[in-house]
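Step one of this worksheet: look at the structure below.
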Amino acid sequence: MKKTALISLLVGALIAILSYIATEANLLGVKTFFKIGFTGLGLMILAAGYFMISFLLEWAKDTEFFKKIL
């Protein structure tokens, strides 16, 4: 799952960067730029959310208080 999240993070960043470059070169319209750019941004946000949740779960397992609960 971590590989999938890392790949989606990289693909999202690549999509966002490429859509910006294409817009600056006048290859894309504004509407298309926002559609593609927000898709890339969404992929990056989902991957970052996964990594934050997995980090918090690992941290909670190491804490004595949460060992009793979990």
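Rounding to the nearest 20 debye, state how big the charge dipole of the range 2-69 is about its Cα centre with +1 on each Lys and Arg Cβ and -1 on each Asp and Glu Cβ. Display every interim value, and only then the final one.
Details: 7 positive and 4 negative charges, 42 e Å.
About 200 debye.
Helix 2-24 against the longest principal axis of the chain: what's the angle in degrees, Cα atoms only, rounded to the nearest 10?
20 degrees
Give me Rg over Rh for the range 2-69, both radii from the alpha carbons and Rh done the Kirkwood way, two decimal places.
Values: Rg = 17.4 Å, Rh = 13.6 Å.
Using only Cα positions, Rg/Rh for the range 2-69 is 1.28.
Per the helix-only calculation at 222 nm, which mean residue ellipticity applies to the chain, given -39500 (n - 2.57) for every DSSP H run of n ≥ 4 and division by its residues, nearest 500 deg cm²/dmol?
On the way: 3 runs with 62 residues, N = 70.
One gets -30500 deg cm²/dmol as the mean residue ellipticity at 222 nm.
Which cross-chain or sequence-distant (5 or more) residues have an amide H under 5 Å from the amide H of Leu28, H modelled 1.01 Å from N in plane?
HN-HN under 5 Å from Leu28: Thr23.
How far is helix 30-62 tilted, in degrees, relative to the longest principal axis of the Cα atoms in the chain, given as a value from 0 to 90 rounded to the nearest 10?
Rounded to the nearest ten degrees, it is 10.
Just going by the charge dipole of the chain, with Lys and Arg at +1 and Asp and Glu at -1 on Cβ, which of Ala13, Phe34, Leu57 is farthest out on the positive end?
Going by the charge dipole, the pick is Leu57.
Which of the residue pairs Lys3/Lys31; Lys3/Lys68; Lys2/Lys61 have a Cα-Cα distance greater than 27 Å in the structure shown?
Among Lys3/Lys31; Lys3/Lys68; Lys2/Lys61, the Cα-Cα distance tops 27 Å for Lys3/Lys31; Lys3/Lys68.
Where a number appears in this text, it was derived from the coordinates with a stated rule and is not lab data. In this text the structure is predicted, and so the values were computed from the model without any measurement. Using ideal geometry, Cβ is built from the backbone for each residue, glycine included, and neighbour counts are taken over all protein chains shown.
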